[in-house]
Amino acid sequence: MDNLKRKADDDGGDADKRMRTKKQWRVPRQGGNNAYTAQTIQPGDSGIWATCNKGREGKCVAELRELFTEYAAHLYGDHLITGDRPGGGNESKEDGSSTDIESSIQAEVADIRKPASVQICTPVRLDVQCGKHIIFAVHLALQQLTRTLVVFFRTHSPIEPVSFVKRICEDATKRSALRRTRIVKRLSPMTLLGRATTEGVEKVALEVLAPHFHQEPFVARKFAIRPNLRNHNVLSRDSIIKQIASLVGQGHEVDLKDYDLLIIVEVYKNVCGVSVVDNSFEQLRRFNLAEIFDPTPKEAVEEAQQEVVPQEALPNKAESGITPAPTMDLT
């Protein structure tokens, strides 16, 4: 009798153990494996970089999500709707056969599972400080750069990042719309992203540059190249500039001030992005919404750029191994 009782207790203990160790089943996320990589930038993506002050990332994402959704609905409207729902009407077969009923039910179930609208952008938070290389800055405006972070919004068709951002900044410049952003600073549209390697830059650049520099009939263009590297030490600014210039091809002229087209190259860790913008880029404050709505006085910018740090205030270069950046972008 004691043996039976002991056996029953042992069985109950094993059952409890199995219950405790049994993994809880979870509903798979929509989109399969891709849903788990949604918060990382992948080669082949397109999107928009955005900067904001450190600690304000959440508000920045909320502002941009609302702003992008509103503009996407305004600019692309009908393309963002999935269309008429198949089987969603009151159509029915007169014969009332079981086959028709079954197919109608399947169509309704498939219709329910469909998203009501296309997800136009996915925010990706990146904990990277834009101004971390500016070590010797003493001006307040420069010091604030060291506390600037970056977020990334992945965009989907039919949104074209460059024209999309340009329209937002044009409206902001004309004051044709109310100010919707308080935290967001610069927007940097990326037509295409790839791996931050020599081969990756070439692949992305050739595809992005082709419509602007390799079209038929040939049109000569004046161009400039503006690379920006963050948390990356494999490629250098000079190597990227030389590589992009060679891919532009013959017949085009480099003009850093009076360019027709500006080639923007953004490198973050192991990802690079390339886009081409026209000469309205400077007039639109380099797509900096904060500068458009609340421009920094020209005198303050010039003073900060001309600020000279006393030699005795600088650390020993031999010990630090760091050289101050020759130019600094305040906007």
Checklist line | Net charge over other residues, Cβ less than 12 angstrom from the Cβ of C272 (K, R count +1; D, E count -1) | finding: 0
Next item on the list: Calculate, for K174 and R221, the FRET efficiency according to 1/(1 + (r/R0)^6) with r their C-beta to C-beta distance and R0 30 Å; round to the nearest 0.05.
Entry: 0.65
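Please state the relative contact order of region 147-296 as a whole percent: Cα pairs under 8 Å, 6+ residues apart?
Working: 221 pairs, mean separation 48.8, N = 150.
The normalised contact order for region 147-296 reaches 33 percent.
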Margin query: At 7 Å along Cα-to-Cβ for each site, give me the label-to-label distance between T40 and Q250 in nm.
Written below: 4.3
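Rule-based calculations on the coordinates, nothing more; no lab input. The structure displayed is predicted, hence computed values, not measured ones. Don't worry about glycine lacking a Cβ; one is built from the backbone with ideal geometry, like all the others, and counts go over all protein chains shown.
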